[in-house]
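> Starting off with a structure, shown below.
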């Protein structure tokens, strides 16, 4: 018998081999999901980066915004990203998800 993941808002541990994943079907975030999504899209400083791949430069096919602990530089394909400050809407949203979070990072 398969359990319904959406039957309650409580934390549920998913039975996945070699993983510890907890699923929350509902987290109270203080605003309707559509409002939160609109705010994140409008207020996040999205960037279109250029990466090096096999000696050529290409524009990434997506927008990026790198958040993390201070000094948590992320580097790939010749691109180095410094984390954005933690006073952003996405970090404010991440702080509301406690007790679900285990990380000390903003996001």
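> Counting only Cα atoms, I'd like the Rg/Rh figure for segment 30-96, Kirkwood definition for Rh.
Working: Rg = 14.3 Å, Rh = 13.6 Å.
The Rg/Rh ratio comes out at 1.06.
> With an 8 Å Cα cut-off and a minimum separation of 6 or more residues, compute the relative contact order for segment 30-96 in percent.
Details: 72 pairs, mean separation 18.1, N = 67.
Reported as a whole number, the value is 27 percent.
> How much length is gained on full extension from residue 51 to residue 66, taking 0.36 nm per residue of separation minus their Cα-Cα distance?
On the way: separation 15, 0.36 × 15 = 5.40 nm, distance 1.50 nm.
3.9 nm is the gain from fully extending residue 51 to residue 66.
> Find how much the distance from residue 21 to residue 79 grows on full extension, using 0.36 nm per residue of separation minus their present alpha carbon separation; answer in nm with one decimal.
Numbers: separation 58, 0.36 × 58 = 20.88 nm, distance 3.04 nm.
Using 0.36 nm per residue and subtracting the Cα-Cα distance, I get 17.8 nm.
> Between segment 7-47 and segment 69-93, what is the separation of their alpha carbon centroids in Å?
20
> Just grab the label-to-label distance for residue 13 and residue 58, each label 7 Å out from Cα along the Cβ direction, in nm (one decimal).
4.1
Computed from the coordinates by the stated procedures, all read-outs in this text should not be read as laboratory data. Keep in mind that this is a model prediction, so the values were computed, not measured. Quick reminder, even Gly has a Cβ in these numbers, built from the backbone with ideal geometry, and neighbours come from all protein chains shown.
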